[in-house]
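Notes follow the structure.
Taken together, the values in this text are just the output of simple stated rules run on the coordinates, not laboratory data. Note that the structure is a prediction, hence the values are computed from the model and not measured. Glycine also receives a Cβ, built like all others from the backbone with ideal geometry; neighbour counts cover every protein chain displayed.
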Amino acid sequence: MQTATHSFMRKLIFLVVFPTFLFSCSNLKQSVDSKTTPSLKLVSSIEIPFEETFQNTKVGGLSGIDYDAKSDLYYLICDDRSMFNDSRFYTAKISLSEDKIKSFAFQNVTYLKDETGKAYDNWTTTPTTSSDPEDMRYNPKTNSLIWSSEGARVITAEKEVLQNPSLNFMDIKGDFLGNVTLPENLKMQKLEKGPRNNGTLEGITFDKKYKNIYTNIEEPLFEDGEQANTSKGGLIRLYQFDAKTKKNTAQFGYQLEPIAREPNPKGAFAVNGVSAIQYYSKNQLLVVERSYSTGTQACTVKVFLCDLKKATNVKNYASLQNQKLELASKKLVLNMDDLGIFIDNIEGLTFGPKLANGNPSIIFVSDNNFSDKQKTQVLMFEVVK
């Protein structure tokens, strides 16, 4: 996690749905799939207090969540760069009563360890050996976890930090088990090429059989064009990795929405990007786009159903600009602005337990960036197909 406002927003990502259209400048086509789009109905929500502590750690910065149905246990990663406490994840139980969240109780805290078996260093004092945790998923077939670190690209007169993002495997004790092989376009560079700072690996999800891993960058690679603005969205990439070989097998272009609101004052910080993804069905992902603008405390969060079936594999494309290709399609599932409640920095989602009527639930969590001006929200929705 980064400093309050800027990191908060960079992690904002939201999704959008488009009919088929052609971009005259770059020949990018986006098709609409005819499959039924689900709807999400808010059924319950709670807030975790800002002052919350657990086992001598400061609770906050919850940027990813996953559910182990067999154990009825939730995994939540914290994006603390070892600045409050060592980088870590929590497990928790969520009790339901009549399809409402009755209680949220942390069960354990586990510290992330690097290849040497040591905890990650503090970003402020030793940035190159720190981590920036963003998302985490549990694999019940191996009883292990995978988590993403966003890395860093900081180039100033005072310091230079080029730290690659990573997808790391670990056991449930936090011990390092290896990582995936990154494609070249995910490696940080001093030149304006590759990932942007605080705009790299964000969400993670397995497919149904845990054979493939999907991840996304939050904002466009330098070579893929401009970041989103209030007039148009940028182009990001979704990445697919083979869980066994740990190698990148596919990349897909995805069109972001424009930033939802003009910042105030004009020209101040504003961002829109993808903050989380969740496998939905074959070739389909739920994508969360989160938009934030200075001057508006709430985020605009949109959830899209993204279909990769007809999307061009752009793994070997040096740039998405001026290319004739098919983007991943997207359909709007939910605009959280329509809920009529305050929505903060949504960064994680997972399918939860089935509800009394047999429909699945899906749970979202927000990252408060350890700020008393923000909220840690847990929102539960019913998935209506």
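Give me Arg261, Arg137 ranked fewest to most by other Cβ atoms within 10 Å of their Cβ, as a rough exposure proxy.
Arg261, Arg137
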Query raised in the report: Size of the chain along its principal axes in angstrom, Cα-based, largest extent first?
Result: 54, 54, 48
Query raised in the report: What ³J(HN,Hα) values, in whole Hz, does the Karplus curve 6.51 cos²θ - 1.76 cosθ + 1.60 give for segment 225-231 when θ = phi - 60°, with x put for Gly and Pro?
Result: x, 6, 5, 4, 10, 6, 9
Requested in this report: In whole angstrom, note down how far apart the Cα centers of segment 71-134 and segment 148-217 are.
Outcome: 17 Å
Query - the chain, relative contact order in percent, only Cα pairs under 8 angstrom and at least six apart counted - result: 23 percent
Report task. Tell me which residues come under 5 Å, amide H to amide H, from Leu221 once H is placed; ignore anything under 5 positions away on its chain. Result -> Arg237
Query raised in the report: If you take the Cα Rg of segment 280-385 and divide it by 2.2 N^0.38 Å, with N the number of residues, what do you get?
Result: 1.29
Report summary line: A correct fewest-to-most ranking of Phe89, Phe364 by other Cβ atoms within 10 Å would be Phe89, Phe364
Requested in this report: Kindly identify segment 324-373 as rounded, prolate or oblate by the Cα gyration tensor criterion: order the square roots of the eigenvalues as a ≥ b ≥ c, call it rounded if a/c is under 1.5, otherwise compare a/b with b/c, prolate if a/b is larger, else oblate.
Outcome: oblate
Query - For the chain, calculated [θ]222 nm from helices alone, where every DSSP H run of n ≥ 4 adds -39500 (n - 2.57) - result: -500 deg cm²/dmol
**Report entry** Cα-only radius of gyration and Dmax that characterise segment 25-143, units Å
**Finding:** 18.6, 54
Query raised in the report: Amide H neighbours of Leu96 under 5 Å, counting only residues 5+ apart in sequence or on other chains, H built in-plane at 1.01 Å?
Result: Lys102
Report task. Among the aspartates and glutamates, select those whose C-alpha is under 17 Å from the C-alpha of Lys35, and discard any that sit fewer than 8 residues away in the same chain. Result -> Asp307
Query raised in the report: So how much slack lies between Thr156 and Phe342, counting 0.36 nm per residue of separation and subtracting their Cα-Cα distance, in nm?
Result: 63.3 nm
Requested in this report: Calculate one ³J(HN,Hα) per residue across segment 183-189 by plugging θ = phi - 60° into the Karplus curve 6.51 cos²θ - 1.76 cosθ + 1.60, and present them in order as whole Hz with x for glycine and proline.
Outcome: x, 4, 6, 9, 8, 5, 9
**Report entry** Karplus (6.51, -1.76, 1.60) ³J(HN,Hα), θ = phi - 60°, over segment 131-143, in Hz, Gly and Pro reported as x
**Finding:** 9, 10, x, 10, 8, 7, 9, 9, 10, x, 6, 10, 6
Report task. Would you pull out the residues with amide H under 5 Å of Asn212's amide H, same chain only if 5 or more places away, H placed 1.01 Å from N? Result -> Asp207, Ala243
Query raised in the report: Which of the peptides 331-341, 368-378 is most tightly packed, and how do the rest follow, judged by the mean count of other Cβ atoms within 10 Å per residue?
Result: 368-378, 331-341
Query - Proxy reagent accessibility, fewest Cβ within 10 Å first, across Tyr111, Tyr120 - result: Tyr111, Tyr120
Query raised in the report: How much length is gained if the chain between Asn313 and Ser95 is pulled fully straight, taking 0.36 nm per residue apart and subtracting their Cα-Cα distance, in nm to one decimal?
Result: 74.3 nm
Query raised in the report: Given 0.36 nm per residue, what is the gain on full extension from Lys232 to Gln55 after removing their alpha carbon distance, in nm?
Result: 59.2 nm
Report summary line: Answer in debye to the nearest 20: the dipole magnitude of the chain about its Cα centre, from +1 Lys/Arg and -1 Asp/Glu charges placed on Cβ, is 1180 debye
